[in-house]
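Single-structure report; data block below.
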Amino acid sequence: MAAGGVTNGSGSAPTGSAEDAFSRRREVAATSARSLLLTVLGEFVLPAGEPVWTQNLLDALGAVGVEEKSARQALARTAADDVVVSERAGRRVRWSLTPSGRRLLSEGAERIYAHGTPRPPWDGRWLVLVVSVPEAQRALRHQLRTQLAWAGLGSPAPGVWVCPDAARVDEAHRALADVGLDEAALVVVGGTHGGLSDAELVAQAWDLRDLEARYAEFVDRFAALEPDPADPAAVLGAQVRLVDAWRRFPFLDPQLPAELLPPGWAGARAAEVFHRRHEQWSAAAGRAFGS
């Protein structure tokens, strides 16, 4: 087993870019005009690498039922967060991703489209973190939980976090560093030896029943959805809703190896539905967005 050092950390709350990253990642778990805008930006603007007119963004959000006033407010908030920047061309305005916005959406896109792909056989090793945050520092505790959950860790007991993917040790260190606790944590990689079984550890660290119910709901929602191919706005709306619903799962799902999942795991069926529908609607949705 390999262990990280243990020292006394200050436990102070993170500032600046760490708080910004935390706030932006929290958008993954939210449903709002702003999260739908981030979906549109990641799905269409990021891969194109070109500025986009305001009206294209308003039309895309309108296709999923967001009123123009709410869409403009979401755009203003996203610009204030340094995700997009505007430039005027006569009476029209177009928007480009900022460098930080491109990094944010690129990270999200990598997770979204890779989520649910087959994983290699599990090597039996666990990543274990032991880190304590005083009860009085509730904001810091919440930030830590969010950062470690994003990194795929679950908590079977107070102050203890685990993940059956030892390769995420660097990501865990970055999550700890983002909240100023990397020097105050014990980080261990190795196999279990007696005590709780691997299955019992999983059951204590994650609520897989709730997650499986969410996957089943996703399948029910999108497996039979057939937007009219003659209606570009309907296809665009279906694609945005599909990606917006799927983009939450990398945040919620620790992506456990198959050896630790229950039989007939609904996440596998949900992944098949997502990738099939995304490929089926992608070209028409892209044309509708750019028209």
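Values in this text are rule-based calculations from the coordinates and carry no lab data. Because the structure is predicted, anything quoted here is derived from the model rather than measured. Quick reminder, even Gly has a Cβ in these numbers, built from the backbone with ideal geometry, and neighbours come from all protein chains shown.
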Candidates Asp82, Asp253, Asp228, ranked by Gaussian network fluctuation over the chain, Cα under 10 Å, top entry: Asp228
Pairwise centroid distance, computed over Cα atoms, of the range 185-261 with the range 148-167, Å: 16 Å
The range 31-114: C-alpha gyration tensor shape, a/c 1.5 cut-off, then a/b vs b/c: oblate
Vicinal HN-Hα couplings computed from phi for the range 42-48 (Karplus, 6.51 cos²θ - 1.76 cosθ + 1.60; Hz; Gly/Pro x): x, 7, 10, 7, 4, x, 6
Estimated dipole of the chain in Debye, rounded to 20 [Cβ of Lys and Arg +1, of Asp and Glu -1, Cα centre]: 760 debye
Cα-based shape type of the chain, given that a ≥ b ≥ c are square roots of the gyration tensor eigenvalues and the cut on a/c is 1.5: oblate
For the range 139-178: rounded, prolate or oblate by the Cα gyration tensor [a/c cutoff 1.5]: oblate
Degrees, to the nearest 10: 17-26 long Cα axis against longest axis of the chain: 70 degrees
Degrees, to the nearest 10: 232-246 long Cα axis against longest axis of the chain: 10 degrees
